[in-house]
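Student: Take a look at the following structure, please.
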Amino acid sequence: MHSYSLIAPAKINLYLEIIGDRPDNYHELAMVLQSISLADKIDIRSIGIESIVVRCNHPLVPADEANIAYRAASLMSKQFPEALVRYGGVEITIHKHIPVAAGLAGGSTNAAAVLVGLDLMWELGLTHGELEELGAQLGSDVPFCIGGGTALATGRGEVLSPLPNLDHIYVVLAKYKNLSISTPWAYKTYRQEFGDTYVTDTEGQENSRQRVHSGPIVSAIAHHNHAEIGKLLHNDLEKVALPEYPQLLKLREAFASENVLGAMMSGSGPTMFALTESQAQAEEVEAAVKAKMADPDLEFWIAQFNSNGISIAH
Ligand code: C5P
């Protein structure tokens, strides 16, 4: 086929612990990542000329190398030059539904969709591991976005251990339209403020990873204990984002005071989310928080946990 349409789901963090520094200047992390049904649609098709064209309906999404989806196509062209000659260039159309710079891996999941789509379109037959390896060259969350579901992520975020699927959990998401947080800013500020707590030795970092691996949130997921998962939500980056943006703390408190399993900021923010047991509960929580906050700048979404990452749209 000369074109594919792919569904690229967003992710939320159920857990994000910053363990310490890495020699590559990234942070050593232990995270639990979860795909959700809020998704972008990515269309890719072969074009005659050997170039990459990106189109997007969102004004803040660039159409050049600044777009990670463009870089994904560029990486594939470099890795598989004979495919580029054989099939021609590629046009990528991004139908954006996931908010941008929101802590929901919107860019990473678009890049993951381009890798999966080009593998199909160029009939490369890459393994899941090979796709993840290419993804890791583009961004820390890209490997997770390929397979999605529920996973424990360590290293920079690219070392993945699958966890049992969490079906039937719903999520209400809220984001201030005009507030975005830069991920590098969040990590840099965390390093400035909490760098003295970092575990620096290899053995200590391995112990920290093991502690999360065999820790309470992984156990709650294994037992499908939704109430416990809600109580164990944790994100170290809230320690820098919430003091800097008091409206986020207010939003978190508004969510937490409703009938929810738990509430937290996703990734480096600023999206705040709450987990519920049903769609009806999620709708009630959205209505209550909307009324309480009464801010026209605040946007809401309701989604469900997803058991997969990139899929072909039917
Ligand atoms: O890998 P990605 O491009 O998504 O990372 C964005 C930024 O987030 C990095 O430039 C770095 O500042 C920070 N980061 C980090 N440690 C990680 C992942 C991201 O410090 N494990």
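The values are calculated or read from the model by the stated rules, or taken from the named source; none is laboratory data. The model shown is predicted, which means the values in this text are computed figures rather than measured ones. As a convention, Cβ positions derive from the backbone with ideal geometry for all residues, glycine included, and neighbour counts pool all protein chains shown.
Student: I'd like the full set of residues that are under 20 Å from the mean Cα position of the chain (by Cα) and in contact (Cβ under 8 Å) with a residue 24 or more places away in the chain, limited to the stretch 238-262. Walk me through how you get there before you give the answer.
Tutor: Of all residues in the stretch 238-262, those under 20 Å from the mean Cα position of the chain (by Cα) come to 238-242, 248, 252, 262.
Matches in the stretch 238-262: 238, 239, 240, 241, 248, 262.
Student: Before we move on, is residue 260 within 16 Å of the ligand (Cβ to nearest atom) and crowded, with 20+ Cβ neighbours inside 10 Å?
Tutor: Numbers: within 16 Å of the ligand (Cβ to nearest atom): no; crowded, with 20+ Cβ neighbours inside 10 Å: yes.
Answer is no for this residue.
Student: Further question on the same structure: So which residues in the stretch 122-134 are buried (at least 20 other Cβ atoms within 10 Å of the Cβ) and in contact (Cβ under 8 Å) with a residue 40 or more places away in the chain?
Tutor: Listed by number, the list holds a single entry, 134.
Student: Take the conditions of a type in the set (A, V, I, L, M, F, W, C), more than 13 Å from the ligand (Cβ to nearest atom) and touching a Leu at 6+ places or on another chain (Cβ under 8 Å) and apply them to residue 53. Does it pass? Give the derivation first.
Tutor: On the way: of a type in the set (A, V, I, L, M, F, W, C): yes; more than 13 Å from the ligand (Cβ to nearest atom): yes; touching a Leu at 6+ places or on another chain (Cβ under 8 Å): no.
Spelling it out, it is not the case that residue 53 is of a type in the set (A, V, I, L, M, F, W, C), more than 13 Å from the ligand (Cβ to nearest atom) and touching a Leu at 6+ places or on another chain (Cβ under 8 Å).
Student: Restricted to the stretch 138-154, and to residues that are in a helix (DSSP H, G or I) and near the ligand (Cβ under 10 Å from one of its atoms), which residue is farthest from residue 32 (Cα to Cα)? Working first, answer last.
Tutor: From the stretch 138-154, those in a helix (DSSP H, G or I) are 138, 142-147; that's our starting set.
So of that shortlist, the ones also near the ligand (Cβ under 10 Å from one of its atoms) come out as 138, 142.
Working: 138: 20, 142: 14 Å.
Filtering the stretch 138-154 for residues that are in a helix (DSSP H, G or I) and near the ligand (Cβ under 10 Å from one of its atoms), the one farthest from residue 32 (Cα to Cα) comes out as 138.
Student: What number of residues within the stretch 1-48 satisfy the criterion of being within 12 Å of the ligand (Cβ to nearest atom), touching a Lys or Arg at 6+ places or on another chain (Cβ under 9 Å), farther than 30 Å from residue 282 by Cβ and at pLDDT 95 or above?
Tutor: So the answer is 4.
Student: A further question on this structure: Can you say whether residue 61 is assigned to a loop (DSSP other than H, G, I, E, B), outside the structural domain of residue 267 (by TED's automatic domain parsing) and either surrounded by 15 or more Cβ atoms within 10 Å (Cβ to Cβ) or touching a Pro at 6+ places or on another chain (Cβ under 8 Å) (or both), as far as the supplied structure shows? Even if it seems obvious, please write down each step before you answer.
Tutor: Working: assigned to a loop (DSSP other than H, G, I, E, B): yes; outside the structural domain of residue 267 (by TED's automatic domain parsing): yes; either surrounded by 15 or more Cβ atoms within 10 Å (Cβ to Cβ) or touching a Pro at 6+ places or on another chain (Cβ under 8 Å) (or both): yes.
In short, yes.
Student: Could you tell me which residue of the stretch 271-314 is farthest from residue 258 (Cα to Cα), considering only residues that are of a type in the set (Ser, Thr, Tyr) and assigned to a strand (DSSP E or B)? Steps first, answer last, please.
Tutor: Step one: filter the stretch 271-314 for residues of a type in the set (Ser, Thr, Tyr), giving 271, 276, 278, 307, 311.
Subsequent filtering for residues that are assigned to a strand (DSSP E or B) retains 276, 311.
On the way: 276: 10, 311: 34 Å.
Restricting to residues being of a type in the set (Ser, Thr, Tyr) and assigned to a strand (DSSP E or B), the top hit is 311.
Student: Would you check which residues across the stretch 70-113 are closer than 19 Å to residue 301 by Cβ and among the hydroxyl-bearing types (Ser, Thr, Tyr) and list them?
Tutor: 108, 109
Student: It is to be established whether one or more residues within the stretch 82-94 are within 16 Å of the ligand (Cβ to nearest atom), hydrophobic (A, V, I, L, M, F, W, C) and surrounded by 15 or more Cβ atoms within 10 Å (Cβ to Cβ). Break it down into steps so the answer makes sense when it comes.
Tutor: Taking the stretch 82-94 as the starting set, the residues that turn out to be within 16 Å of the ligand (Cβ to nearest atom) are none.
There is no residue in the stretch 82-94 that is within 16 Å of the ligand (Cβ to nearest atom), hydrophobic (A, V, I, L, M, F, W, C) and surrounded by 15 or more Cβ atoms within 10 Å (Cβ to Cβ).
Student: Can you name the condition, by its number, that residue 192 falls short on among (1) more than 30 Å from residue 260 (Cα to Cα); (2) within 16 Å of the ligand (Cβ to nearest atom); (3) at pLDDT below 95?
Tutor: That leaves (3) as the condition not met.
Student: Which of (1) part of a loop (DSSP other than H, G, I, E, B); (2) free of Cβ contacts under 8 Å to residues at least 24 places away in the same chain is the odd one out, the single condition residue 78 does not satisfy?
Tutor: Failing condition for residue 78: (1).
Student: Additional query: State yes or no: is residue 171 assigned to a helix (DSSP H, G or I), crowded, with 18+ Cβ neighbours inside 10 Å and among the aliphatic types (A, V, I, L, M)?
Tutor: Working: assigned to a helix (DSSP H, G or I): no; crowded, with 18+ Cβ neighbours inside 10 Å: yes; among the aliphatic types (A, V, I, L, M): yes.
No; evaluated as a whole, the condition is false for this residue.
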